[in-house]
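Here the structure is laid out as structure tokens; the discussion comes afterwards.
The values are calculated or read from the model by the stated rules, or taken from the named source; none is laboratory data. Everything numeric here is computed off the predicted structure, so don't read it as measured data. We place every Cβ from the backbone using ideal geometry, glycine too, and count neighbours over all the protein chains shown. Just so you know, the surface numbers come from the protein's heavy atoms only, side chains and all, with ligands and any DNA or RNA stripped out. Shrake-Rupley method; radii C 1.70, N 1.55, O 1.52, S 1.80 Å.
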Amino acid sequence: MTTDHGYPAVRMHIAGEWCQGGTGRTAPIVNPATEAPIGEVPLATAADLDRALAAAEEGFRRWRSTPIARRTEILHTAAALLTERAADIGRIMTLEQGKPLAEATGEARRVADTLRWHADDARRAYGRLIPSAPGTLLSVRREPVGVVAAFVPWNFPAGGPMRKISSALASGCSIVIKASEETPATAMELVRCFVDAGLPAGALNLVFGEPAEVSAHLIASPVTRLIAFTGSVPVGKLLAAEAGKVMKPSLMELGGHAPVIVCADADPVAAARKAAQAKFANAGQVCTSPSRFLVHASLVEEFTAEFVKVAEAVTVGDGLAEGTTMGPLANERRLAAMERLTADAVSRGAKVLTGGDRPDRPGYFFAPTVLTDVPPGAELMHEEPFGPLAPLVPFTDLDEALATANALPYGLAAYGFTRSAATAERLSAELEAGILSINHCGGSVHEAPSGGVKDSGYGREGGPEALDAYLVTKRVSHLLAP
Ligand code: NAD
């Protein structure tokens, strides 16, 4: 069932059935480009969550005993359906999250490939035979960990859920996933592709609810064997502590505050262009978004001029409108944060070179903003902006730039621009980050792991490492003639 503007009626998926939840409690879903309500998301009760857990327990038994060739076939069918439906899913994503339609459709297509990659990789999740005493078979096996409880945010409504769902299902686990209540329909349409592909009931359960209630319930349940979370550092710490109390492993993909170091030998125009394009992608709401621009003093003028040029060329608007290159922020909280961070920086002496405010129109829009003379004490230099703010800071000495880059408790992404192989190696060795890009600001790829150090979390998603959290290692020593 869809509404007039093509936004579907949102349902949870529990034990193979689409449902609304016990008490009929809902929360409104808002289009961030218009602030108009577009639907209602059902909120789970404790009984709904228990049904999802029981279904996942049964679903795990069924799914892990499905031959791997059949599992892979189902996952590839789901990926094919996703590719076929990418345009429709993209439209739904734009309506609920705001990103431009081309970005949204591209994300829907990309997640099909994430799924294919993990499905194929899981076929090679080999154990090993270890030389041992005669008559003893010593082996190491990798087995699915069991029922996964996953929590994902609103910035990548397809990418966030798919990273968890694809790794879990490819490994033979079942999953109960709480996607964002702000972008629920994209997650629902992803789940629909798995259902239509023939995934056994219970292997994939989708719920929504009061986030703290849902996470407390799912983490404490003895049915759950792994907690997988993407979101903010404070919530990640809370969930990791809850998981620790019940001795559950967890995977934490948290925020960052990515430094970009533009060295004296870099091309300032090319660096500014790449860094600014990455900055304003998804309106800056990306955990790896470049967010502190440390530029060698000799290049600052040229770098700044080009950066401002790119910022001013961004077309801000409704993601469904032709020509829009940056949509609104996804919710009112981000808009308030942009206003607060900008006002704080300006009150401490920062200058706004372009942007700095919200346009006079409905929707959670904020202009692409470039600031200079931002003092180290400004909140913007410590707090992840998660929005289209770019503070540019000059440096004269690479030691000083590295110290500034590493000074924060975060360590997710970092970027460097240099023409020197030796400097690139120094940046690679000394930047405290889990994801480093040199001479570009490209996004994540399926083939390689993503994840953080320090407060940015632990565990890796993507690459062969993605399966590590979802598979347990079992040593079996078998004396053949007892
Ligand atoms: P938030 O901290 O309230 O929520 C972040 C996400 O966690 C949301 O999806 C929310 O539903 C969920 N959440 C909140 N409390 C939870 C709980 N107790 N149990 C389970 N899930 C819970 O912040 P927000 O306003 O939604 O986002 C703001 C900040 O979150 C940003 O500044 C950014 O730092 C961070 N964030 C990070 C990512 C990422 O990809 N790492 C994505 C989105 C947001």
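Miscellaneous remarks
- Filter result for Glu253 (charged (D, E, K, R) and within 16 Å of the chain's Cα centre (by Cα)): yes
- Which numbered condition Arg141 misses (of (1) in a helix (DSSP H, G or I); (2) in contact with a Gly (Cβ under 6 Å, 6 or more places away or on another chain)): (1)
- For segment 245-267, the set of residues classified as within 9 Å of the ligand (Cβ to nearest atom) and more than 22 Å from His382 (Cα to Cα) is empty.
- Residue match in segment 438-446 (condition: open to solvent by less than 10 Å² (accessible area, probe 1.4 Å) and in the same structural domain as Pro368 (by TED's automatic domain parsing)): no
- Filtered residue count, segment 407-421, keeping only those that are touching a residue at least 40 places away in the same chain (Cβ under 8 Å), away from the ligand (no atom under 15 Å from the Cβ) and surrounded by fewer than 24 Cβ atoms within 10 Å (Cβ to Cβ): 3
- If you go through segment 425-440 and keep only what is more than 16 Å from the ligand (Cβ to nearest atom) and within 20 Å of Ser291 (Cα to Cα), you end up with Leu427, Ser428, Glu430, Leu431, Glu432, Leu436, Ser437, Ile438, Asn439, His440.
- Of all the criteria given as (1) under 28 Å from Ser171 (Cβ atoms); (2) in contact with a Gly (Cβ under 9 Å, 6 or more places away or on another chain); (3) not in a helix (DSSP H, G or I), the one not satisfied by Ser477 is (2).
- Breaking point among (1) surrounded by fewer than 21 Cβ atoms within 10 Å (Cβ to Cβ); (2) under 22 Å from the mean Cα position of the chain (by Cα), for Ile68: (2)
- If you check Ser298, Ser291 for being within 14 Å of the ligand (Cβ to nearest atom) and not charged (D, E, K, R), only one passes: Ser291.
- Any hit, segment 83-102, residues being aliphatic (A, V, I, L, M), outside any helix (DSSP H, G or I) and surrounded by fewer than 16 Cβ atoms within 10 Å (Cβ to Cβ): no
- Selection count, segment 154-179, where residues are closer than 15 Å to Val41 by Cα, open to solvent by less than 10 Å² (accessible area, probe 1.4 Å) and of a type outside the set (A, V, I, L, M): 1
- When Ala401, Ala413, Ala424, Ala405 are checked against the criterion of being in contact with a Gly (Cβ under 7 Å, 6 or more places away or on another chain), assigned by TED's automatic domain parsing to the domain that holds Leu353 and farther than 23 Å from Leu329 by Cα, a single residue qualifies: Ala424.
- Looking only at segment 375-397, residues that are out of contact with any strand residue (DSSP E or B) (no Cβ under 8 Å at 6 or more places or on another chain) and over 19 Å from Ser347 (Cα atoms) come to 3 in all.
- Conditions (1) among the β-branched types (Val, Ile, Thr); (2) outside the structural domain of Thr34 (by TED's automatic domain parsing); (3) touching a residue at least 12 places away in the same chain (Cβ under 8 Å): number failed by Val246: (2)
- Evaluated against (1) more than 9 Å from the ligand (Cβ to nearest atom); (2) in contact with a Ser or Thr (Cβ under 9 Å, 6 or more places away or on another chain); (3) of a type in the set (D, E, K, R), Glu242 falls short on exactly one condition, (1).
Yes/no per residue for (1) buried (at least 17 other Cβ atoms within 10 Å of the Cβ); (2) assigned by TED's automatic domain parsing to the domain that holds Pro157:
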| site | (1), (2) |
| --- | --- |
| Gly6 | no, no |
| Ala36 | no, yes |
| Val41 | yes, yes |
| Ala46 | no, yes |
| Leu53 | yes, yes |
| Arg61 | no, yes |
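- Residue within segment 407-422 that is at negative phi and part of a helix (DSSP H, G or I) present: yes
- Just so you know, in segment 379-406 the residues that are touching a Lys or Arg at 6+ places or on another chain (Cβ under 8 Å) and under 19 Å from Val233 (Cβ atoms) include one that is nearest to the ligand (Cβ to nearest atom), and it is Phe386.
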